[in-house]
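Report on one structure; see the data block that follows.
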Amino acid sequence: MTTRLGGPTGAVTGAPAALLRAEGLAVFAAALVAYAALGASWWLFAALILAPDLSMLAYLAGPRPGALFYNAAHTYVAPALLGGLAYGFSAPLAGAIALIWIAHIGLDRVLGYGLKYAAGFADTHLGRIGRN
C-alpha cells in the first residue's frame, strides 16, 4: 500500500525523517564511545559490525519472512536485552557484542535503512530506498 506521494504507508518524511536519522547518528556515536570505554577489541568490532545484515538471507524465503527477520535483527530490543544481561552477569564480551549491534542499527538509520515492510526490502519506515 502506498500513499498519494508514492511512498509506503507509514514512511516518515521531512523533518521527522531528518530527526530519526540524527537520532541514529547519536546512537551510533554513543555506542562507539561506550565500546571504546569498555576497552573491547576493535578487531571484534570490525568483524561483527555487519553481522546483523545476515538477517537479509531470510529474504530468500520471500518478502514477509525477510522483513520479519530483518526487523528482528534491526530493532534495539534484543541488543538492549543482551547489554543488560551482559552488565548483570559481568560478561564484557556479550556487552561488546551488544554495543556493536547497537552501533550497526544506529548507522543503518543514519544511512536511511529503516525497518522493512512486507511489501519488499526497499519499503522502509524511513521511506523507500534505492531508485524510486
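Being in contact with a Gly (Cβ under 9 Å, 6 or more places away or on another chain) and part of a loop (DSSP other than H, G, I, E, B) is the filter; apply it to region 109-132 and report the residue that is surrounded by the most Cβ atoms within 10 Å (Cβ to Cβ).
Narrowing region 109-132 to residues in contact with a Gly (Cβ under 9 Å, 6 or more places away or on another chain): 109-112, 114, 116-118, 120-129, 132.
In the following step, the residues that additionally are part of a loop (DSSP other than H, G, I, E, B) were identified as 111-112, 114, 118, 125-126, 129, 132.
Details: L111: 12, G112: 16, G114: 24, A118: 13, H125: 16, L126: 22, I129: 15, N132: 8.
Step by step, filter region 109-132, then rank; the result is G114.
Examine region 101-108 for a residue that is assigned to a helix (DSSP H, G or I), surrounded by 16 or more Cβ atoms within 10 Å (Cβ to Cβ) and of a type in the set (D, E, K, R), and state whether such a residue exists.
First, pick out the residues of region 101-108 that are assigned to a helix (DSSP H, G or I): 101-108.
Cutting the leftovers down to surrounded by 16 or more Cβ atoms within 10 Å (Cβ to Cβ) gives us 101-108.
Narrowing further to those that are of a type in the set (D, E, K, R): 108.
Yes, some residue in region 101-108 is assigned to a helix (DSSP H, G or I), surrounded by 16 or more Cβ atoms within 10 Å (Cβ to Cβ) and of a type in the set (D, E, K, R).
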Item checked: Subset of region 72-123 [of a type in the set (S, T, Y), more than 25 Å from A40 (Cα to Cα) and within 9 Å of the chain's Cα centre (by Cα)] -> Y113
Next item on the list: Report whether or not L48 is touching a residue at least 24 places away in the same chain (Cβ under 8 Å), under 24 Å from E23 (Cα atoms) and crowded, with 18+ Cβ neighbours inside 10 Å.
Entry: no
Note to self: Given (1) surrounded by fewer than 15 Cβ atoms within 10 Å (Cβ to Cβ); (2) closer than 15 Å to G114 by Cα; (3) of a type outside the set (S, T, Y), identify the lone condition not met by L60.
What the structure shows: (2)
Margin query: Between a residue in region 53-78 that is on the phi < 0 side of the Ramachandran plot and any residue that is modelled with pLDDT under 95 and aromatic (F, W, Y), which pairs come within a Cβ distance under 8 Å, given they are 6 or more apart or on different chains?
Written below: M56/F121; Y59/F121; P63/F121; G66/F121; A67/Y117; A67/F121; Y70/F121; H74/Y113
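Got a sec? Which of P79, P92, P65 is surrounded by 18 or more Cβ atoms within 10 Å (Cβ to Cβ), at pLDDT 95 or above and not hydrophobic (A, V, I, L, M, F, W, C)? If you could, list the steps in order and put the result at the bottom.
Details: P92 fails: surrounded by 18 or more Cβ atoms within 10 Å (Cβ to Cβ); P65 fails: surrounded by 18 or more Cβ atoms within 10 Å (Cβ to Cβ).
P79 is the lone residue from the list that is surrounded by 18 or more Cβ atoms within 10 Å (Cβ to Cβ), at pLDDT 95 or above and not hydrophobic (A, V, I, L, M, F, W, C).
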Note to self: Of all residues being assigned to a loop (DSSP other than H, G, I, E, B) and loosely packed, with under 11 Cβ neighbours inside 10 Å in region 8-45, which is modelled with the lowest pLDDT? Just the residue, please.
What the structure shows: T9
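The values are calculated or read from the model by the stated rules, or taken from the named source; none is laboratory data. Here the structure is a predicted model, which is why all the values come from computation and not from measurement. Virtual Cβ from ideal backbone geometry, glycine too; neighbours counted across all protein chains shown.
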